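Peer 1: Okay, handing you the structure first.
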Amino acid sequence: MKIAVFLLVLSAPKLSAQVNTSPQIQTVQPKIMVIPYVKEGEDLRTILESDINKRIALTKIKESFDTRGFTTVDFVAKLKSAKDNNIFTSDNQTDIKDQIVQMSGADIYVQAEVDINKTASGNSVNLVLSAYEASTGNSLSNKVGASGKFYTDDFGKLTSKAVESVSEDFLNVMQAKFTDIVNNGKSINMDISFAQGSSLKMSSEVAPENLPLSDQIEMWMENNAFKNNYHIQGTTDLRMIFDDVRIPLKDQSGKNYTTNKFALEIFKFFRALNLQVDKDVKGNTIYITIK
């Protein structure tokens, strides 16, 4: 019987978004917040009030990260603060989750699915942990754990055993991937195309340098991608696709550097060329349409 699915959210200390040319590797340990996942018809703002098993499981997962030296954030306290400050602008559960994540300054969320199994030969808890970088959705770590069967109805202890069976490997992989993001940036995609009826194409020479548009875009990317790290999947006269552009984890003030912030910079680049464009951001992909 499936009883609970959780999201865990992680955040790192402030880092500079400026390019670091030093070869030294920075290791930053994330901060963790456990957030309950809600199914259709459930409300993230009230889900813990009506289910003791979810509260127990949430606490046990949080304790597991505490004992391994991670700093954790109290979801209930963050939720209360959001309510007190009227942060929520809709009843859409995705919007509510995103707003809590945003106000927490999270960098990573970890989805933890907890299943209780009751049988004549004993009860058990299965756990599936999946970590994702919060702003891009890129996968960081995936592990499956199990408590084993016991003649007990203490599902808190069973949840603890399931967490213990998988958390060390899970955290080691997640930490390695997170450290790579700190040092090499997080990966996003960019898709640049033209509106129907546009008189421009990628080979069009555009002022002030009178170079082909595709070349000017790549020159800008070389100067603005984190540590000049980007990859072009392909370019035609009507489209240019970057399938891996690295952006910094944090900006110069220590705030999360999001896909939307990078989209704003490329938008301003096109405006500087006196080109009219539309921009759209979906997950870790930026869509630019040149008019």
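The values are calculated or read from the model by the stated rules, or taken from the named source; none is laboratory data. Computed from a predicted structure; not experimentally measured. So basically every Cβ, Gly included, is an ideal-geometry build from the backbone, and we count neighbours across all protein chains shown.
Peer 1: Determine which single condition Lys143 fails, assuming it passes every other condition in (1) modelled with pLDDT under 90; (2) surrounded by 18 or more Cβ atoms within 10 Å (Cβ to Cβ).
Peer 2: Condition (1) is where Lys143 drops out.
Peer 1: Would you confirm whether or not the range 206-222 contains a residue that is touching a helix residue (DSSP H, G or I) at 6+ places or on another chain (Cβ under 6 Å), buried (at least 20 other Cβ atoms within 10 Å of the Cβ) and outside the structural domain of Asp107 (by TED's automatic domain parsing)?
Peer 2: No, the conditions are met nowhere in the range 206-222.
Peer 1: Answer yes or no as to whether Ala134 is surrounded by 17 or more Cβ atoms within 10 Å (Cβ to Cβ) and out of contact with any Pro (no Cβ under 8 Å at 6 or more places or on another chain).
Peer 2: Here the answer is yes, as Ala134 does meet what is asked.
Peer 1: If you take the residues in the range 31-59 that are part of a helix (DSSP H, G or I) and modelled with pLDDT of 80 or more, which one is farthest from Ala146 (Cα to Cα)?
Peer 2: Glu49
Peer 1: Now for a separate question. Out of all the residues in the range 182-196, is one or more without any contact (Cβ under 8 Å) to a residue 40 or more places away in the chain and at positive phi?
Peer 2: So far as the range 182-196 goes, no, none of its residues is without any contact (Cβ under 8 Å) to a residue 40 or more places away in the chain and at positive phi.
Peer 1: Considering each residue of the range 254-272, count those that are in contact (Cβ under 8 Å) with a residue 60 or more places away in the chain and surrounded by fewer than 18 Cβ atoms within 10 Å (Cβ to Cβ), and give that number.
Peer 2: Number of matching residues: 2.
Peer 1: Of everything in the range 47-101, what is without any contact (Cβ under 8 Å) to a residue 24 or more places away in the chain, closer than 19 Å to Glu113 by Cα, polar (S, T, N, Q) and surrounded by 12 or more Cβ atoms within 10 Å (Cβ to Cβ)? Give them in sequence order.
Peer 2: Hits for the range 47-101: nothing passes.
Peer 1: Now a separate question. Look at Arg271 and say whether it is over 29 Å from Ser104 (Cβ atoms), outside the structural domain of Thr136 (by TED's automatic domain parsing) and at pLDDT 95 or above.
Peer 2: Answer is yes for this residue.
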